[in-house]
Amino acid sequence: MRLPDASRLSVLTSLGVRLDTGPDAFGELCDSTPALRAGDFALLRRRFAADGYLRLRELLERERVEEAAVEVAHSLAMRRLLDPAFPSVERIAARGARVSKFGFEAEDRRFPGIRTLALSGRMPAFYDGFLEAQTRAFDYLWLRLMAPGQATAPHCDNVYMGRGTSELFTSWIPLTPVTLADGPLMMLEHSHCIESIRDGYARMDIDRNGNWRKLKFRHGRIFRGGDYSRNPRRVQQEFRRRWLTAEFEPGDVLIFSPFTMHGALDNHSRRFRISVDARYQRAGDPIDERWIGPHPIAHSQAA
């Protein structure tokens, strides 16, 4: 396995937990770009069914992605979240800067470049071919602004958006280069096939039964919310599956199932890691009402 940035980090961590990077515990995401370039959607569907994700390089036009990143970086600078000693395009965080506890916020129609990137052109065209049907995206887009020191805890998306079809697809779209030091996403290998995840934890609806507020205790940590755990090393040990990751460039996309458990490495750089989460499904399938319309209710009013 080749993870080129590993030599520049003394250890790999997630949520402050040192990860086991031995060959039985850690690896690289498979690259399905050759099938994409060949237009072999049948092979891509088989890969997705087997792995629960697709790593696709250069799916989007790098220039368009970088233009969207400039919009976001300028916004961070205007909010005084970037160090003014550096150009905003370098995304160097101001001391102690972060946008939220979990590093994300609604795109909320503030960035036309992002909406164009996610909702028109190559992204929906890919899904029309991949799903062999007319597709639609959630109107709500998630903007990930991960400051130095931040990471995403292990979780499955179905917990947050499971009221529509289970044939839902997340696209994680990095707007900037993401090395291992920047804290890329990591997938728990073949976790979409684990029955206790798919038919147990992942069926929780975060907006029902007080699930947002309930205290949970797992793997030695107490927490609230929809995460499975706040200890990625213990997750790997529990399921005996590898964490898989890779480095990314603008234009690359990582697509995964709502039942694939995923998280992220800690951001050990001085930069904000900027990315967008967009969700797609067949247009004729049931859709989660929380994430559609001109003003999606999201979690704030959902019951």
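Out of the residues in the range 245-262 meeting the condition of being touching an Asp or Glu at 6+ places or on another chain (Cβ under 6 Å) and crowded, with 22+ Cβ neighbours inside 10 Å, tell me which one is farthest from Leu12 (Cα to Cα).
The extreme case among them is Pro258.
Do any residues in the range 19-30 that are under 18 Å from Glu238 (Cβ atoms) have Cβ atoms under 7 Å from those of residues that are of a type in the set (A, V, I, L, M, F, W, C) and surrounded by fewer than 19 Cβ atoms within 10 Å (Cβ to Cβ), where the two are at least six apart or on different chains, and which pairs are they?
Hits for this filter: Gly27/Met1.
Can you tell which of Arg110, Arg91, Arg115 is surrounded by 15 or more Cβ atoms within 10 Å (Cβ to Cβ), more than 18 Å from Ser269 (Cβ to Cβ) and modelled with pLDDT of 95 or more? Don't jump to the end; show me each part of the working.
Values: Arg110 fails: surrounded by 15 or more Cβ atoms within 10 Å (Cβ to Cβ); Arg91 fails: more than 18 Å from Ser269 (Cβ to Cβ).
The unique qualifying residue is Arg115.
Just checking, which of Glu249, Glu238 is at pLDDT 95 or above, within 29 Å of Arg95 (Cα to Cα) and not aromatic (Phe, Trp, Tyr)?
None of the others qualify; the one that does is Glu249.
Please determine, by comparing only the residues of the range 11-30 that are hydroxyl-bearing (Ser, Thr, Tyr) and part of a strand (DSSP E or B), which one is nearest to the chain's Cα centre (by Cα).
Top of the filtered list is Ser14.
Might you check whether a residue that is surrounded by fewer than 18 Cβ atoms within 10 Å (Cβ to Cβ), over 19 Å from the mean Cα position of the chain (by Cα) and not acidic (Asp, Glu) occurs anywhere in the range 229-236?
Within the range 229-236 (the criterion being surrounded by fewer than 18 Cβ atoms within 10 Å (Cβ to Cβ), over 19 Å from the mean Cα position of the chain (by Cα) and not acidic (Asp, Glu)), the answer is yes, since at least one residue qualifies.
Can you name every residue in the range 263-287 that is within 30 Å of Glu132 (Cβ to Cβ) and touching an Asp or Glu at 6+ places or on another chain (Cβ under 8 Å)?
Correct list: Val276, Arg279, Gln281, Arg282, Asp285.
Looking at the range 128-140, which of its residues are buried (at least 22 other Cβ atoms within 10 Å of the Cβ) and either of a type in the set (Ser, Thr, Tyr) or in a helix (DSSP H, G or I) (or both)?
Selection gives Tyr140 alone.
The values are calculated or read from the model by the stated rules, or taken from the named source; none is laboratory data. Everything numeric in this text was worked out from a predicted model, so none of it was measured. With ideal geometry, Cβ positions are generated from the backbone for all residues, glycine too; neighbour counts draw on all protein chains shown.
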